[in-house]
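Take a look at the structure below.
Coordinate-derived values only; no laboratory data. Because the structure is predicted, anything quoted here is derived from the model rather than measured. As a convention, Cβ positions derive from the backbone with ideal geometry for all residues, glycine included, and neighbour counts pool all protein chains shown.
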Amino acid sequence: MPVYWAGPDGLVKPPGRRLCARVFMRLRLMEWFFLGLIAIGILPPRLACQDTIERPHGMASAKAIEWPAGPARGSVPSWAKNGMVRFARWDGGRLEVVKAILSGWPNFWPPDPNHLYAMDHWYDPRTIRLLHDAGVNMIWVTFSNGFSNQTERLQQGELARYIAECHRQGIHVMAYESISNMFWQDMYENVPESRGWTAIGKDGKPVPYGAAAYRKLGYISRYMADLSNPGWQDYLRERVDLALKAGADGVDYDNNFPRDITQLMNIYHMIYQYGLNRKKDFLLMGNFHSSTYVLNHLTNAMTTEDGSEPGIYDAQHVRRMRDKEDLLAADGGYLINNAGLFRTLDALSDSWKLNLVEDGRREFGAREAKPMSPQRQQLAMAEAMSFGAANELFVEDSLATALWKRDPEAIALWNAIANYNRFFAANEAYYTDTKSAASLAVVLDDTSRGVDLLNDLAARNVLFDVIYARDLNLRRLSRYSEVAVLTAETVSNKALAALENYVREGGRLIVAGQSASLDQDGSRRPHPSFFGQRLGKGECVYYEETPPLEQLAAVLRQHAKSKVPAIDAPAGVVYNVVNQPASRREIIHLLNYGPSAAGEIKVQLKKKYRSATLLSPDSGQPTSLTVSRGASGGEITIPSLKIYSMVVLTE
C-alpha cells in the first residue's frame with residue numbers, strides 16, 4: 001500500500017527525491033531506539049554529557065592579536081553595496097528539515113508534517129516568485145549544514161538549478177555553510193577519517209554543538225569540528241568549490257564558536273584567499289556575535305542575528321529579556337532599538353562592506369514560530385536602511401509554511417514587506433554612498449562590550465559613530481568634536497597617545513569607569529595623567545563611574561561645534577542623519593517605534609538649505625516642506641510620523 005503525505009492541496013504521493021530517505025529512516029530508527037531505552041530505564045532522559053556541554057568562546061579579553069590583512073575595499077561587487085540590497089534568509093530543503101529535527105527545534109520535534117512539507121519543497125523554482133513579489137534581490141540557501149558531502153549532494157544539485165533561475169531574475173545567492181558543525185553519525189559513516197576531525201573537550205569527550213535541544217532527542221546529535229585540523233580545513237575548501245560550482249555568489253558561514261579566536265581568524269583568512277583565487281568577486285561573510293564581531297576585519301560582507309525586534313515593548317516582556325533600568329520609557333512601555341548595533345558593525349565595515357542584520361530576538365515567542373507583525377517588520381526594515389544596513393528577513397518554519405499555504409495573514413505581511421522594498425528600490429539614490437553626519441565618536445575595544453549602552457543612547461537621540469580602539473589615530477579622531485570612551489577597557493599605548501594628542505589639539509574627551517585601564521598586552525596601567533584635565537586646546541572629562549543614562553545622554557548631546565540637525569519629538573521617535581557630499585545633500589531618517597502615529601516633530605537646522613522634501617513609504621507622493629528661516633538655519637515641522645519617513649535637505 002503506498003504511503004501518502006499531507007501536502008498543501010491534500011494527500012500526495014511523494015516522489016523518491018522528496019527527502020533524503022536514508023538519513024530520515026536512520027533518524028526514525030535512532031529515535032525509536034533511544035526512546036525505547038529511556039522507557040525501560042536503561043538510558044536516563046537526562047544524559048550526563050548534557051551537563052558538560054562546552055560552549056566555545058570568542059574574545060574573552062582584548063589582548064593584542066596579530067591580524068592578517070583583510071579583503072581590499074574594491075573586493076565588493078557593485079551590486080552588493082549598502083543601500084542596494086533587500087535580503088531574505090531562504091533556509092530550506094531536505095538538509096534543513098533533517099537538521100531541524102536533529103536539533104529538536106519547535107514544529108520539527110515532534111515533527112509536524114505540514115511544516116516538513118513546506119520546508120522540504122522550499123527550493124521548488126516556484127518559490128522564486130515569492131522573492132520577486134517581495135522585492136527581494138539577495139538570499140542565502142542551505143547548501144552545507146554539517147552532513148557529509150555525499151549526503152548533501154542531492155540538495156546541492158537542485159540548488160544549482162535554483163541559483164541559475166534566481167540569477168536569471170536578478171537575485172543574488174549566498175551559500176549557507178556550517179564552519180564547524182558535524183552531524184557525526186552521517187559524517188563518521190561516509191567520511192571515516194572525520195572521526196579524527198572532532199573537537200575534544202577537557203573531559204576527553206567530543207564537544208557538542210551548544211544550541212540544540214538534546215533532551216528532546218535523548219542523545220547528542222551534533223559535534224563541533226576541530227578548526228585547526230588540516231583534514232577539516234580541506235573539507236571546508238572542498239565545500240567552497242562545490243558552492244561556487246553551483247553558481248553561488250559567495251559563502252556565508254554559521255556556527256562560529258571557536259575555542260580560541262585565532263582559530264577562526266586563520267580559517268577566515270584562508271577561506272577568503274582560497275575563494276578569491278577561484279572567483280574574483282567572491283563574497284565571504286560569517287554570522288558573528290558580540291565577542292567575535294571583530295572577525296569582520298577578515299570578511300567583505302557582514303551578517304549577525306544579534307538584532308532585536310524593534311518597537312515599544314510591554315514591561316513584562318522587557319523583564320524577561322534584560323534589565324530595564326537604562327531603557328527609555330515610552331508610550332507605556334520601553335523602547336528597543338538596534339542603532340548601537342548598526343553603528344558598531346558600521347565601524348567594522350568602514351561603510352563599504354555589506355551589512356546584514358537579522359532581528360533574531362523577539363519581544364515574545366521564538367522567531368521560528370511567530371513572525372513579526374507587518375508594522376514591526378516594516379520598522380525593522382526601515383531601521384536597518386536608516387543606519388546603512390539591510391534587514392535579514394527571517395522566513396523559515398512558520399512563515400514559510402503559511403506562505404506556502406497562501407495564508408491571508410502571511411500574504412498581508414508579505415505585501416507589507418513588498419511595499420517597503422519597493423520604496424527602498426525607488427529611492428536607492430538616497431541610501432547609497434552616504435556618510436554619517438555624527439560629530440561624536442564612541443570607542444569600543446575588541447570585545448565589543450557596550451552595544452546595549454549604545455542602543456540606549458540612540459534611543460535618547462544621541463548621534464554617534466563607533467571607532468574600535470585598534471583603529472584610533474589622530475587623523476581619524478580629528479573628524480569629531482567629541483570622543484567618548486565608556487566601556488573599552490583595553491586601549492593600546494599607541495591608541496592612548498592618539499587620544500591624548502586629540503585632546504591637546506582641541507578635542508573633548510569623555511572617559512568613564514575602567515576604560516583604558518589595560519594596555520595591549522592585557523596588563524593594568526596606572527591612571528593616565530591627562531584624564532580629568534585640561535590639556536592644550538582641549539579637555540578630558542573623567543567619571544569614576546558611568547553616569548546615569550539621562551545625564552550621560554545630555555552630556556554627549558552638548559556639541560558646541562556640531563552643525564547636525566536636532567529634533568524635538570515625542571519619546572519613541574529616533575532619528576539618524578547622513579551626508580551625501582557628492583550630491584550636496586543631507587538626509588534625516590525618522591523612525592517611530594510606537595504602535596500609533598507620532599504627533600508633530602520639529603527639526604532644528606543648524607545651517608541653510610535650498611530645499612527640503614519629505615518622503616515616506618507610508619504615504620503617497622513626495623512633499624515639499626517649508627523651512628522657517630532663522631539666523632543660523634531654520635526649522636521644519638513634520639505633522640505626523642506613522643512608521644518611517646525621510647527628509648532630504650539640499651544645500
Counting only chymotrypsin sites (Phe, Trp or Tyr not before Pro) that sit in a DSSP loop (anything but H, G, I, E, B) with at most 13 other Cβ atoms within 10 Å, what is the longest stretch of the chain containing none of them? 5-363
Given charges at beta-carbon only (K, R positive; D, E negative), |dipole| of the chain in Debye: 1000 debye
Taking the DSSP beta bridges in segment 46-426 as the whole, what percent of them are antiparallel, to the nearest 5? 30 percent
Counting only DSSP beta bridges with both residues in segment 491-601, tell me the antiparallel percent, nearest 5. 70 percent
Can you tell me how much longer the chain between GLU325 and GLU651 gets when fully stretched, taken as 0.36 nm per residue apart minus their C-alpha distance, in nm with one decimal? 113.2 nm
Label point 7 Å beyond Cα of ASP471 along Cβ direction - residues of segment 271-304 with amide nitrogen under 14 Å: 293-302
Measure nothing fancy, just the Cα-based angle from helix 21-39's long axis to the longest principal axis of the chain, in degrees from 0 to 90, nearest 10. 90 degrees
With runs of 4+ DSSP H residues as the only contributors, calculate the mean residue ellipticity of the chain at 222 nm using -39,500 (n - 2.57) per run, divided by the residue total and rounded to the nearest 500. -9000 deg cm²/dmol
Taking the dipole of the chain about the Cα centre (Lys, Arg +1; Asp, Glu -1; charges at Cβ), the one of SER478, PHE288, PHE342 that reaches farthest to the positive side is SER478
Antiparallel DSSP bridges in the chain: what percent, to the nearest 5? 55 percent
Can you compute 3J(HN,Hα) from phi for each residue in segment 604-611, using the Karplus curve 6.51 cos²θ - 1.76 cosθ + 1.60 with θ = phi - 60°, rounded to whole Hz and x for Gly and Pro? 8, 9, 9, 8, 8, 10, 7, 8
